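Below is one structure; the comments refer to it alone.
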Amino acid sequence: QVQLVESGGGLVQAGGSLKLSCAASGRTFSNYAMAWFRQAPGKEREFVAAISWSHMTFYRDSVKGRFTVSRDKTKSTVYLQMNSLKPEDTAVYYCAADRVPFRWPSHEYDDWGQGTQVTVSS
C-alpha cells in the first residue's frame, strides 16, 4: 500500500523558513516524479514544485528563488525548503507521487499524503 507522510509544517513569521518532508513507502519512489501542492482556505489546490526521478525540478512562478525541492532516494523522502515565506504562502501543503515511472514532466499525480499546515504570520 502506497503511503506518503508529510511533516515539518508550522507557524512562522513572514520572512522566515520552514522545511517540509515527505516520507514515501509502498513502492520504489526513486523512479517516480514527486510534487508538492498547496491549498489555502477557500481556494483550489495549486501546484508548487516538482522533482523528477533524475532530479530535474520545476516551480510555480511565485515560489521561484524562494523554495527548493529535493529528494533523498536512499530515504525515499522528498523535501521542500521554503525561505522568505510570505503570508500568501499560508496553506495546507500536500506531497504527491506520479504512478508512471520515468515520466517528466508529469501532470498526473495519483497518490497523495494527508497534508501539513503552514501558517505565515505578517
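The values are calculated or read from the model by the stated rules, or taken from the named source; none is laboratory data. It should be emphasised that the depicted structure is a prediction, and the values quoted were computed from it without experimental measurement. All Cβ positions, glycine included, derive from the backbone under ideal geometry; neighbour counts span all protein chains shown. Remember, those area values only see protein heavy atoms, side chains included, never the ligands or the DNA or RNA. Shrake-Rupley method; radii C 1.70, N 1.55, O 1.52, S 1.80 Å.
Among the residues of the range 54-70, count how many are open to solvent by 60 Å² or more (accessible area, probe 1.4 Å), in contact (Cβ under 8 Å) with a residue 24 or more places away in the chain and more than 14 Å from F37 (Cβ to Cβ).
1
Take the conditions part of a loop (DSSP other than H, G, I, E, B), of a type in the set (G, A, S) and out of contact with any helix residue (DSSP H, G or I) (no Cβ under 6 Å at 6 or more places or on another chain) and apply them to S54. Does it pass?
Details: part of a loop (DSSP other than H, G, I, E, B): yes; of a type in the set (G, A, S): yes; out of contact with any helix residue (DSSP H, G or I) (no Cβ under 6 Å at 6 or more places or on another chain): yes.
When the stated conditions are applied, S54 passes them.
Would you confirm whether any residue within the range 71-84 is surrounded by 12 or more Cβ atoms within 10 Å (Cβ to Cβ), among the aromatic types (F, W, Y) and under 11 Å from the mean Cα position of the chain (by Cα)?
yes
S62: in a loop (DSSP other than H, G, I, E, B), over 13 Å from the mean Cα position of the chain (by Cα) and farther than 15 Å from L4 by Cβ, yes or no?
Working: in a loop (DSSP other than H, G, I, E, B): no; over 13 Å from the mean Cα position of the chain (by Cα): yes; farther than 15 Å from L4 by Cβ: yes.
Considered against the rule, which asks whether it is in a loop (DSSP other than H, G, I, E, B), over 13 Å from the mean Cα position of the chain (by Cα) and farther than 15 Å from L4 by Cβ, S62 comes out as no.
Give me the residue from the range 90-102 that is buried (at least 16 other Cβ atoms within 10 Å of the Cβ) and among the aromatic types (F, W, Y) and, out of that set, nearest to A40 (Cα to Cα). Give the derivation first.
Restricting attention to the range 90-102, the residues satisfying the condition of being buried (at least 16 other Cβ atoms within 10 Å of the Cβ) are 90-98.
Filter once more, keeping what is among the aromatic types (F, W, Y): 93-94.
Details: Y93: 9, Y94: 11 Å.
Checked the range 90-102; the qualifying residue nearest to A40 (Cα to Cα) is Y93.
Residues to consider are L20, L11; find the one that is open to solvent by less than 10 Å² (accessible area, probe 1.4 Å) and either in a loop (DSSP other than H, G, I, E, B) or touching a strand residue (DSSP E or B) at 6+ places or on another chain (Cβ under 8 Å) (or both).
Working: L11 fails: open to solvent by less than 10 Å² (accessible area, probe 1.4 Å).
None of the others qualify; the one that does is L20.
Would you confirm whether or not the range 34-50 contains a residue that is in a loop (DSSP other than H, G, I, E, B), of a type in the set (A, V, I, L, M) and over 15 Å from T116 (Cβ atoms)? Break it down into steps so the answer makes sense when it comes.
Our first condition is that a residue be in a loop (DSSP other than H, G, I, E, B); within the range 34-50, this holds for 40-45.
From the residues that got through so far, the ones that are of a type in the set (A, V, I, L, M) too are 40.
Narrowing further to those that are over 15 Å from T116 (Cβ atoms): none.
Looking through the range 34-50, none of the residues is in a loop (DSSP other than H, G, I, E, B), of a type in the set (A, V, I, L, M) and over 15 Å from T116 (Cβ atoms).
Report yes if some residue within the range 103-111 is open to solvent by 60 Å² or more (accessible area, probe 1.4 Å) and either hydrophobic (A, V, I, L, M, F, W, C) or in a strand (DSSP E or B) (or both); otherwise report no.
Scanning the range 103-111, I find at least one residue that is open to solvent by 60 Å² or more (accessible area, probe 1.4 Å) and either hydrophobic (A, V, I, L, M, F, W, C) or in a strand (DSSP E or B) (or both), so the answer is yes.
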